[in-house]
Each structure stands twice: as structure tokens, then as C-alpha cells.
1. What are the pairs, 6+ residues apart or on separate chains, where a residue within the stretch A:202-217 that is at the interface with chain B (Cβ under 7 Å from one of its Cβ atoms) has its Cβ under 6 Å from a residue that is of a type in the set (Asp, Glu)?
2. Could you check how many residues of the stretch A:181-198 are more than 7 Å from chain B (Cβ to nearest Cβ), of a type outside the set (Val, Ile, Thr) and over 20 Å from residue B:375 (Cβ atoms)?
3. Out of A:62, A:147, which single residue is of a type in the set (Ser, Thr, Tyr), farther than 15 Å from residue A:23 by Cα and in contact (Cβ under 8 Å) with a residue 12 or more places away in the chain?
4. Mind checking which residues of the stretch A:30-59 are among the hydroxyl-bearing types (Ser, Thr, Tyr) and surrounded by fewer than 19 Cβ atoms within 10 Å (Cβ to Cβ)?
5. Need the failing condition index for residue A:168 against (1) buried (at least 22 other Cβ atoms within 10 Å of the Cβ); (2) in contact with a Pro (Cβ under 6 Å, 6 or more places away or on another chain), just the number.
6. Quickly run through the stretch A:301-323 and pick out the residues that are surrounded by fewer than 23 Cβ atoms within 10 Å (Cβ to Cβ) and either farther than 21 Å from residue B:280 by Cα or small (Gly, Ala, Ser) (or both).
7. Got a number for residues in the stretch A:427-451 being within 7 Å of chain B (Cβ to nearest Cβ) and crowded, with 24+ Cβ neighbours inside 10 Å?
8. Give the residues of the stretch A:112-170 that are at positive phi, of a type in the set (Gly, Ala, Ser) and within 15 Å of the chain's Cα centre (by Cα), sorted by residue number.
Amino acid sequence: MNSAGPISPSLPPPLPEEVLADLRRAVGPRWVITDPDHLLVYEADAQTGHRGLPQAVVLPASTQEAAAVFGCLHGHGIPVIPRGAGTGLAGGAVALQGGVVVSTARMNRILELDPDNRRAVVQPGVSNSRLSAAAAAFGLHYPPDPSSQTACTLGGNVATNAGGPHCLKYGVTGRYVTGLKVVLADGEVMHLGGAGREGSLFDFVGLFVGSEGCFGLAAEIEVVLAPTPEGACTLLALFDTLESAGKAVTEILKAGLLPAALEIVDRNTILAVEASAYAAGYPTHAGAALVVEFDGYPEGLEEEVVQAEERCRAAGAWEVRRARTPEERAALWKGRKKAFGAMGRLAPDLVVQDATVPRSRLPEVLARIDGIARHHRLRIANVFHAGDGNLHPNIVFDRRDADETRRVEEAAREIMELCVAVGGTITGEHGVGLEKREYMPLVFSPGELEVLRGVKRVFDPAGLCNPGKVLPPSQEGRGGPGEGAPDEAVGGGRLPGLGGRGGEG
Amino acid sequence: MGDGSLAWEDAVERGDLRRILGGELSPEALRPPGESVRWGVAGRLPEAVVMPESVDEASRVLALAHRHGWRVHPAGRGTWLRGGGPRIPADVILSTARLQGIQDYEPADFVASVWGGTSLGDLSETLAPQNQWLPLDPPGGRRGSVGAMVALGVGGGLRHGFGGPKDLVLGLTVVAGDGRVLRWGGKVMKNVAGFDMTRLMVGSWGELGWVAAVTFRLFPSPAQDTTLLVSAPRAEDLLAAVRLAAALPVPLAAVELLDPFPWEPGPGEGGAALVLRFLGSPGQVRATESRLRNALPTARGPHVPQLRLLEGRESRELHGVLEDWEEGGELILRAALLPTRLGELLTEARRLARLPGGAEPPPRLALAAHAAQGVLRIRVNGLPEDPQGLGVWAQALGEWRSRLAQRGGSLTAMLGPERLFDSFSPWEPPGPEARLVEGVRRLLDPGAIFPRRRTGA
């Protein structure tokens, strides 16, 4: 890949005919895609700066078919790249060195919905919001709610251990996955965990969640569902500065309140949203907007809401709006949830960043990010899950401008280094993928990275499952199994995939 | 090593073990031989009990142990040495008893990092003045160390409302079986950098490393702590109430079913009780109580459930008693099935008290369920002494395990007598996962110096 400008990957060599024949036998000829025009759809995920064409795309419909596909590719030593809806923001589903993309698009059935035990078993291609919609009839829902939830799949959620605004109170994907039927790299199908079991020696389910497709494919996913709260109340508090919005968050939590969500958008984001088709009625002179949501029994919400309102005003909010009906709440949320879509107004390209810092460091970190933006003459719009310190500084730019693109790369690295320096980490919910693997040494020692490579080898000794993702190429550059080969190290030396837009957590 | 028989070369080396260790450690770290009496494992005293006062010391001990092939048993305060049924005596007990205290606590972050030997009680005393708490109530409660809790991975009733240790541990410092110091996770609420090694470590029973420090996610102390006791003669009479409580639109903090109910004064007519704990703002707690009071009488059963409300101190006192429920048990079993099958677990557990050819008088059983999760704990006392009587038990447990497995369930012995474990393994064999199990063990304990849970009789 080049470091700037549009990227057009060259066509990888076609698969040997015997492999194609095996794949067609496994899933049916219609579901093996080799036409270069059709392959283009799969060359990137929502972070379009990382691109690579697969040699083929295969769409199995069942665990058995997926196992046959994995087994066949393993037998021929061909890399396999699992892919959900392609809404990922870290390049995790990109075919870096050829190989075959296994799309879960046809594995889209809810296999079991068991309301009495508050659980469901789904195929990985089921979208996040479809599961919640199916569970709604029973007064249940699936709590992790990434902003891309109408599109993103549960398989992708498992791969990245996805979060969302409501994970402040409810926790991320890992808390909800109780069992997995996985297809390992060599095609072996293994059942891990299970809702009625407590006797596993090690929590391989927990380890598999967040493994970004490097261990295999989560072909059947068992999750717990949560009862849907009867009532919810959402507040929108408007502040002059990000700092005072941050202070309100601290005061709300200090008061012993545990909102379901605590989200902040900054002025640049408000401007973008209000200028877009998603205008949510946020005042454009506000320096920051804080969304606070409480849920529970309707009759018990009032006192929490009143307390939160008071804390917001004490911290400097000059207006606090309250929404109780679903329509009013949706309107308040719009400014937050559509923030990414709206940024298209600001510039043609966007880097969606993701990092977590200790919550008490948020004001300082935001001020320093502002400094980084000024230093590099860039425009950064901040959207973040304030309750858990998860930041999304988004840099808008024009990739046709090589100098600006370079400044974006530098700023992105400085932001990551800053977040790590204050005790944070390089990704809170989007994952490492290709986007952040070179930052991994910021948070892991060489010895720890070696253990992570070892764990990858335990699941995938031949290193064929989503190769080159998550783990940085080893320093020795030997490029053993499970590592990116040295010659494809870090996308030709360039920093994060610049460009693309999509949802986020 | 690993088969329990000692080659004489090993014995010579072990004679030197204390001397070698002594050169590596501060004098206080190596406990005098007399003090090791309570640290026996598998019927034998260790050659040395080591209580390092730093991660570095622990790392050097484990590196040495790896080099010499000593068997090292990770421990906290020594209360769980029988757990998991280790068959092989330890050469060295490596305890976190001197690695205690708060490492880092910023109340505004709702995150605390503590050394592995810190007791949960000490931790909660540090948090309380800041109006914060760690919602975990593992067996043994406040006395146990956080390191042991993480190693066992077991929570208590609060797992219903807050998840267990896996969900509240944000980061770990562990020392691997060859002395490598590894830090997993971090000090932030959300972290998906790299594979989730923290989850792998929690509940690994010390097989993959010695837990030196733990970072927890904290919560605001609930403004109100209220418990509703629902009583009936037998646990079975309360299953309808369990289903109702588990289906409430706002999850309770805990849904625990006890038979017999272990607390005086009891809820009313004695026998069994369902303990429903709700925490939170006064408004939500009032709303929960009124929902329960309206709904519970509709939970049909042969007996009208009796209700009693405990608040504040009384509620906390009860939960303290429940944390000690496993104390004094000869055998502690955990059986699990899907929550709707809790009734089957109760019926099948009760059969253990009346095994054909079993002992007279029959062993005494007490039952405690994490009812909304379908997990039943069984505390057994008065197990038969004679091999034949014990054999009947081992066989019955083995058969029950198979029947549970057929229904997707499991049976594990957390604690029990060696003589039983010779014919009933406390853990079930890993099955197809075996290759993963062996893989991670080799990676993190390459010399196999840590004890491994028994998975085959």
C-alpha cells in the first residue's frame, strides 16, 4: 500500500482450480465468488484505508459448511479471513496477503430463542439489532449496542468484544457470551462453554471473544439476554466547555448514580451534525453536549433524574432537556448516534479513532488532543463514552492532500501515545486489526507479545487464520506462524488506515 | 517430575531447596519449617513456604523452581489448598500473604489496583469512605485474598446483578511458571487491545500463573441495601418465585435459594428460603419491593410464601452469613444446568443423601443455589469413612456428572477429601478442548511446576 492517495490493490493470483472445486462442493457453486468486480466489495471494511483483495469469497450457510471450507483451505495452506458485515473500523476483515474471505452473510439464522432461560443461540451473521428485535416480544434485549448495531453482526461483535453507549451499566460483549461453537483454523468444530455449564478448566469462551478472527470462526454463538427496563429517561445537558461537561460526569458518578449511558459530543461534532441531514436540534453555540440516560422502573426514575439534572447545572450546564417518550429520546440520541455519518460534511475523509483513558484524566487528555490538533493544523471532532473513559477523537481530512494526510498520521500516533502515557490503552472497542497492531508495543512488553503469539499458535498452529492481524510483526522479523510476514509489515510502513467512515461503538 | 514419586536425585536437590531459596529472598520471605504445618498439600508438608514481598522476589523463586523442577503451589492465605484435589505434594508453597495493600486507587476512576494478598475485607474498608464498593461476594467472603478469588474465579450471589470476578477484573499482574512477569488488561474500563488474557487467567486455579496484583472495576455504593426473604418448607416450593424474581424487568442484585436456611432468626416457618437482594437508589428499591410484593403471591406453589424484609445492616449481616455458607463442608459440589432445570438439580442432589448401600446415618446435605443461573452448591458432611461407602458415593457422583453432561450441564467438586477424589475426579476431563488446555499450560507453565486440577480418577 502507498502512504497517500487512493489505493488500488493489485489482483492476487487466482486460486488453483482444485481448491475452487473443493470450495464449490462445500457450499454450492453460487456461493464461491471469484469475479474481480464482485471481489471489490470485500477489499476493505469501514476503515477504508486498509485494502486488499481476497482470492475468493466463500459464503457458507452452516457450521458444517464453514468447517468444510476451513478444512479445505487449511489443507492447501491458504489464509482464511472471517468477515461479518464489514462495519469494522480497524481493517480486521481485510485480506492482507490474498487468501479467502469467509463471509457470514448467509449464516444469519437465530437458531434458538429461549426466553425462560433468557438466552439465545445465533449464527454469526445475525445483526445485533435483529437479535434484540426478536427478543423484544419476550421483554428481553441484547444489551451491547454498538452504534452500527443495525448493520453489524454478532459474529463481528464477538470478534471485537464490541461495546456501545450502554455498556457503562451493562458491560460489553464478553459479559453476554456464554458459549461458542467455533470452527478452528484446521476445520475442527469445537464447542466451548455453555450457559448451563460451570465445569470448564479454562475460560476459552472469554479468550475467544475479542480474538478478531485470529483463532477461528465463531459459528454458533450463545448469549444471555437481559430484561428490558420498563422505563427510561434521557437528559441532554448543554455546556460551554468540554471540561464542565466532564465535571458533570464525575459529579453524577460521585453521587452514587449509575446511569445506563453517559455520552459527550464536542462542539465540532455538534456543528457537523446540525449542518447535516441528521440535525438533532443541538444549539450550535454549545461547547459540549452531555447525554445522560437512566433506566429502570418508571416510578423510581424521577429522583435519579432530578439529582443528575442538579449535578449538571452545578457543573455549568445552561440548559438541560429531558426526554421521556421513545420519540423524544430518539431525537436526543440522534445527535450522538449520527455523529459519524454527519462528519461527511466536514471533509471527504475521516479517521475514526478509539482509545480509553482513566476517566479522571479525560479533561486533561481532551485539552492535549486539542493541542495536538492545533499543532498539526487539523480538525478533530470528539465523541466519547464519558462514563468509561472511551474516546473517539475523529480527524477529518482530505486524503488527496499528501501533506495533510501525513499530519493526520502523526497526530493519530501522538494521540495513541498520549492515551497510553496517562494509563490508558490503544483501543476500547474497535479492536486492533491492521489499524493498531504497530501500537501494540506501547501496551505490551516483548515477552507479553510473545505470549499472545503463542496463544494464537495454540488455536491456529499453521498461522492461517486472519494472518497479520492484531499482532505486530515480531522484532526479529522472522515472521513465524501467527505473525505478519516482515515484507507486509505495517502496510508498507504507513500509519492507520486513513479514510473511510462507518459506525462506531 | 509430575508422577508423585521422588527420584533420589530430586530428594538431594530438595534438601538444598531451602538454602537455594534463602539466597534469593529476604529473610522474612522464607517461613521457618515449623510454620509450614498448616500448609500441607496432598498429605505432605512442603519443603518450604515462601511469602515474597515483591513481584520480583516471586519471579526469582518461580524462575528457580522452573530450573530445578520444583513443584510450586500458588496460595493466598492457605485456605484453599485442598481445592481441586491436588494429588501431588508441593515442594514450595508460594503465598501472597506478604504482598498486601492498595497499589493504586483513584476514586474518580472507579478503579482500584491491589496486591494479590490483600483481603477483600481490607479492600472494602479502603473503598467504603469513598462511597464505593466491589460487588463480589465469593465463598469465604472478606477473609480471602483477592488473588485467590481471581484464581478460583468464583463469585457469590451478586453474580446475578454484577457478573462474577471475570466481569469485574480489568487487569492482572501474574508471574508465569518460569518467572516471567506478565501484565494483562489494564486500568481502564474498556480495553480490547490484544487477546483477552485476563479472562483466561480468572478461574484458572493457579495453573497458568501466580496472581501478584489485580485491578478491579468498582461501583458506587448502593444508596439502599434491601433483602426480601421468601420462605417455604422446601426449596422446591420456591421455584415459581425464583422464576418470577429472575424475570423482573430490572435485575435483582442476587437471587439465592437456601435449604435449609442458615440464619437465625429465620424468615418464618423455617426450612428453605429464597433470598432476593436489591440494591440501588431508594426509588428503584421501593419500586422493586412493591413489584415483588404484588407478584409473589401469584407464584403458585403448595405453600403460600412468607415474606420478610431486611434493610441496611440486617441485610448486610445476612449476606455475610451466606458468604460463609461453604465453611466446614467436607465436600463442596457445584452442579449446573440451564436455570429452568433447577428443580431437576434439587431432586437429583437430594438423592445423594439416600444412596442404596450408602452409609448409615446418611451424610447431611445442605443446598444453596444461585437460582437464576441454574447453579446449585451442595455442602456435604458425614461422608462414609469406609472405602466401600465412599466408593458408592464416587460412583453416584460419576454417574450424576454424566447425566448432567448429557443435558449440557456440569458437576465439579470445589473441595473434598482425597480418598474420594481417588475414584471421582473433582473436575471433568476437558474433552475436545484438551489440545487448547495443554497448549495454554505449556505456554504459561512450560516446566509444569504448578499443580493441575485432577480431571481423571
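The values are calculated or read from the model by the stated rules, or taken from the named source; none is laboratory data. From a predicted model like this one, the values you see are computed outputs, not experimental measurements. Glycine gets a Cβ as well: all are built from the backbone with ideal geometry, and neighbour counts include every protein chain shown.
1. A:206/B:196; A:207/B:196; A:210/B:196
2. Going through the stretch A:181-198 one residue at a time, the tally reaches 6.
3. Working: A:62 fails: farther than 15 Å from residue A:23 by Cα.
When all the criteria are applied, what remains is A:147.
4. Filtering the stretch A:30-59 down to residues among the hydroxyl-bearing types (Ser, Thr, Tyr) leaves A:34, A:42, A:48.
Result: A:34, single match.
5. Residue A:168 satisfies all of (1) buried (at least 22 other Cβ atoms within 10 Å of the Cβ); (2) in contact with a Pro (Cβ under 6 Å, 6 or more places away or on another chain) except (2).
6. Within the stretch A:301-323, A:313, A:314, A:315, A:316, A:318, A:319, A:320, A:321, A:322, A:323 meet the criteria.
7. The first filter runs over the stretch A:427-451 and keeps only residues within 7 Å of chain B (Cβ to nearest Cβ), leaving A:427-429, A:431-432, A:440, A:443-444, A:447-448, A:451.
Add one more test, that the residue is crowded, with 24+ Cβ neighbours inside 10 Å, and what stays is A:427-429, A:431-432.
The number of residues fulfilling the criteria is 5.
8. Let us first name the residues in the stretch A:112-170 that are at positive phi, namely A:118, A:139, A:161, A:164.
Retained after the next criterion (residues that are of a type in the set (Gly, Ala, Ser)): A:139, A:164.
Of everything in the stretch A:112-170, just one residue is at positive phi, of a type in the set (Gly, Ala, Ser) and within 15 Å of the chain's Cα centre (by Cα), namely A:164.
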